[in-house]
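Encoded as structure tokens, the structure appears first; notes follow it.
We did not get these values from a lab; they are worked out from the coordinates using the rules stated. Since the model is a prediction, treat every value here as computed from it, not as a measurement. Here the Cβ is made from the backbone with ideal geometry for all residues, glycine too, and neighbour counts use every protein chain on show.
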Amino acid sequence: MKRIGILTSGGDCQGLNAAIRGVAKALYFRFKDDVEIYGIIDGYRGLIEGNYKRMKPADFSGILTLGGTILGTSRQPFKLMRVIDENSVDKVKNMKENYKSMKLDCLVILGGNGTHKTANLLREEGLNVVTLPKTIDNDVWGTDMTFGFNSAVDIATNVLDCIHTTATSHGRVFIVEIMGHKAGWMTLSAGIAGGADVILIPEIPYSIDAVTKTIRQRTKDGKHFSILAVAEGVLSQEEAKLSKKEFKTARAAMAFPSISYRLAQEIGDQTGQEIRVTVPGHFQRGGSPCPYDRLLATRFGAAAANLIAEKNYGNMVALQNDRIVPVPLGEVAGKLKLVPPDCDIVRTAKDIGISFGE
Ligand code: F6P
């Protein structure tokens, strides 16, 4: 009898349930009655606290199109994993003990960057783990694509489409702030797909003068509105020169709810134009996964079951050149996949005249 645990950790995204279903369906198809699946509740927290339940095949039915995660999730910072908390809880010890008491053969972990650091820690501690890369940010190293990304880009693009109609009516400058943490993948993709005039991403620090120059030029050219797709993690060229600590202090002192509002103030002051800010926020992580994500999540899920059957543990399933391959967790953990400033997609944007505020 195989006993497999499964958990989802970190911020949710579209396609988590599709991936859970993919893992389960492939395991049941391969092992029939010879497999038991245990759902661990709320991510690593459930593993630490021993909160889990035996799942039945019916639990995985009807969830392909469902947003969120049927298992629940939570953020458990990696840097605190080895820190004994105020209730004297040794998290790593607890996770190992609960894994043992569940008598698991393998733990399947669905998560993004932080999750992968902890998954690698558990591997180093001797647990059998297989992981699936999920996040709307698409910033997990070792995979061309994470599930969740394309669904979130659809939503962000839709926001830009809707803003477009209002922008044409009112002749204002619109800033749309797009999620993505420290990576600009979402903003870059949605920005091009949604016809933004300016795209600002963390990987290409901006100059406010260059941004306003583009807006003024558009006005001179008879365009009476401008749309900016701005990544939540952007920073100015001056901020890029600061140390990590100096940057944190400067941002903590910033008198705006987010970077887009600071940009709005600066652009308004320099151009005299009317500015509006739209922050779709967690809207971008919600709702049903798009067909691309359902397919990718299912491919990852089935591939994870194959790795379990082969006892090929300690890997993340990844998409590379449209093939699903295992990538050792030791290689993935601690690395970020950021937008290379000279990549093909950035070049395409520049070729059609989109400004990056350089
Ligand atoms: O990693 C996914 C993500 O949505 C990022 O794009 C964003 O910066 C962050 O999570 C928001 O985190 P939380 O849901 O914890 O506010």
- Give me the angle, in degrees from 0 to 90, between the Cα long axis of helix 259-271 and the longest principal axis of the Cα atoms of the chain, rounded to the nearest 10. 10 degrees
- Selection of GluC sites (Glu not before Pro), the stretch 1-88, meeting DSSP coil and at most 15 other Cβ within 10 Å: 86
- Note on the structure: For the chain, whose charge dipole is built from +1 on Lys and Arg Cβ atoms and -1 on Asp and Glu Cβ atoms, the candidate among 29, 256, 302 with its Cα farthest towards the positive end is 29
- Query: Relative contact order, percent, of the chain when contacts are C-alpha pairs under 8 Å separated by at least 6 residues?
  - Reply: 24 percent
- Message: Taking the Cα centre as origin and putting +1 on Lys and Arg beta-carbons and -1 on Asp and Glu beta-carbons, what dipole magnitude results for the chain, to the nearest 20 debye?
- Response: 800 debye
- Task: Straight distance only, please: which lysines reach the Cα of residue 335 with their own Cα at less than 16 Å, same-chain residues fewer than 8 apart left out?
- Result: 79, 117, 134, 182
- Check cross-link reach from residue 56 to the lysines: straight Cα distance under 17 Å, and skip same-chain residues fewer than eight apart. 2, 25, 32
- Please label the shape of the chain as rounded, prolate or oblate, based on the square roots a ≥ b ≥ c of the eigenvalues of the alpha-carbon gyration tensor (a/c under 1.5 means rounded; beyond that, a/b larger than b/c means prolate, else oblate). prolate
- Partners for residue 350 among lysines (Cα-Cα distance below 18 Å; same-chain residues under 8 apart left out): 213
- Item | Degrees between helix 91-101 axis and first principal axis of the chain (Cα, 0 to 90, nearest 10) | 40 degrees
- Query: Over the stretch 152-285, what is the mean sequence separation of C-alpha contacts under 8 Å (at least six apart), divided by residue count, expressed as relative contact order in percent?
  - Reply: 36 percent
- Task: Figure the gain on full extension for residue 248 and residue 161 (residue separation times 0.36 nm, minus the Cα-Cα span) and round it to one decimal in nm.
- Result: 28.0 nm
- Separation in nanometres of the label points that stand 7 Å from Cα toward Cβ, at residue 89 and residue 213: 5.3 nm
- Item | Distance between modelled label sites at residue 2 and residue 32, nm, 7 Å Cα→Cβ extension | 1.5 nm
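Give the shape of the stretch 152-285 as rounded, prolate or oblate, defined through the alpha-carbon gyration tensor: a ≥ b ≥ c are the square roots of its eigenvalues, a/c under 1.5 means rounded, and otherwise the shape is prolate if a/b is larger than b/c and oblate if not. Could you put the intermediate results ahead of the total?
On the way: a/c = 1.82, a/b = 1.23, b/c = 1.48.
Here the stretch 152-285 falls in the oblate category.
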- Message: Just to confirm the number: angle between the C-alpha axis of helix 208-220 and the first principal axis of the chain, 0 to 90 degrees, nearest 10?
- Response: 60 degrees
- Checking 202, 133, 280 against a Gaussian network model of the chain (alpha-carbon springs below 10 Å), the top fluctuating residue turns out to be 280
- Could you work out how far the C-alpha centroid of the stretch 96-111 sits from that of the stretch 280-299, in angstrom? 26 Å
- Task: Along Cα→Cβ, 7 Å out, is where each label goes; now give me the distance between the ones at residue 310 and residue 70 in nm to one decimal.
- Result: 2.7 nm
- List the relative contact order of the stretch 1-82 as a percent without decimals, with contacts defined as Cα pairs under 8 Å and 6+ residues apart. 44 percent
